[in-house]
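K.L.:
Sharing a structure below in structure tokens format, with a few things to ask.
The values are calculated or read from the model by the stated rules, or taken from the named source; none is laboratory data. Everything quoted here is computed from the prediction, not taken from an experiment. Neighbour counts run over all protein chains shown; Cβ positions are idealised from the backbone, glycine included. The protein model used for the area step is the full one, side chains on, heavy atoms only, and it has no ligands, DNA or RNA in it. Shrake-Rupley method; radii C 1.70, N 1.55, O 1.52, S 1.80 Å.
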Amino acid sequence: MKQSDQLRLRNPNQQKFGNHLYIIQNISTKDLKIGRTHDPLFRLDQLQTANANKLRLLIILKDQGQREKTLHKHVRKYNKSGEWFSEAALPELPIDIYEQLDLDLINS
């Protein structure tokens, strides 16, 4: 068995979805994307390519990708489409995440 196959068998969710949690904001609409990936900067570039509005990375939470689904459920009433949520979801984020956000950047 190849080493890459062994890694997939040991932790399939982390390999498939990524281990870092991120929040990206659409600067024009203020909407938020909550997701997980192995490379948040690369993911920002991917999303930017498909988006006419400028996007910015608000936060990267290393090795916390497993929290993505819980966060989606926690802020589901603010869901706009897929993994995109209205800015009103920000204060509803768990305190350990909310306290790490740069509110001056978000409000600029």
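K.L.:
Under a point spin-label approximation (7 Å from Cα along Cα-to-Cβ), what is the Ile27-Asp104 distance to one decimal in nm?
P.N.:
Result for the modelled spin labels: 1.8 nm.
K.L.:
Which residues make up the longest stretch of the chain clear of GluC sites (Glu not before Pro) that lie in a DSSP loop with no more than 15 other Cβ atoms within 10 Å, not counting the sites? If you can, show how the numbers build up before the last one.
P.N.:
Working: sites that count: Glu83, Glu99.
The segment 1-82 is the longest one with no such site.
K.L.:
Which trypsin sites (Lys or Arg not before Pro) from segment 23-108 combine a DSSP loop assignment with at most 12 other Cβ atoms within 10 Å? Before the final figure, lay out the partial values.
P.N.:
Values: sites: Lys30, Lys33, Arg36, Arg43, Lys54, Arg56, Lys62, Arg67, Lys69, Lys73, Arg76, Lys77, Lys80; in loops: Lys30, Lys54, Lys62.
Qualifying residues, ordered by number: Lys54, Lys62.
K.L.:
What part of the accessible area of the chain, given as a whole %, is carbon or sulfur when the probe is 1.4 angstrom? Please report the intermediate quantities before stating the final value.
P.N.:
Numbers: 3360 of 6840 Å².
Exposed carbon and sulfur together represent 49 percent of the surface.
K.L.:
Distances longer than 21 Å among the Cα atoms of the chain: what percent of all pairs is that?
P.N.:
Numbers: 2102 of 5778 pairs.
Everything past 21 Å amounts to 36 percent.
K.L.:
What's the tally of Lys pairs in the chain whose alpha-carbon atoms lie under 15 angstrom apart, where the two lysines are 8 or more places apart or on different chains?
P.N.:
Count of close lysine pairs: 9.
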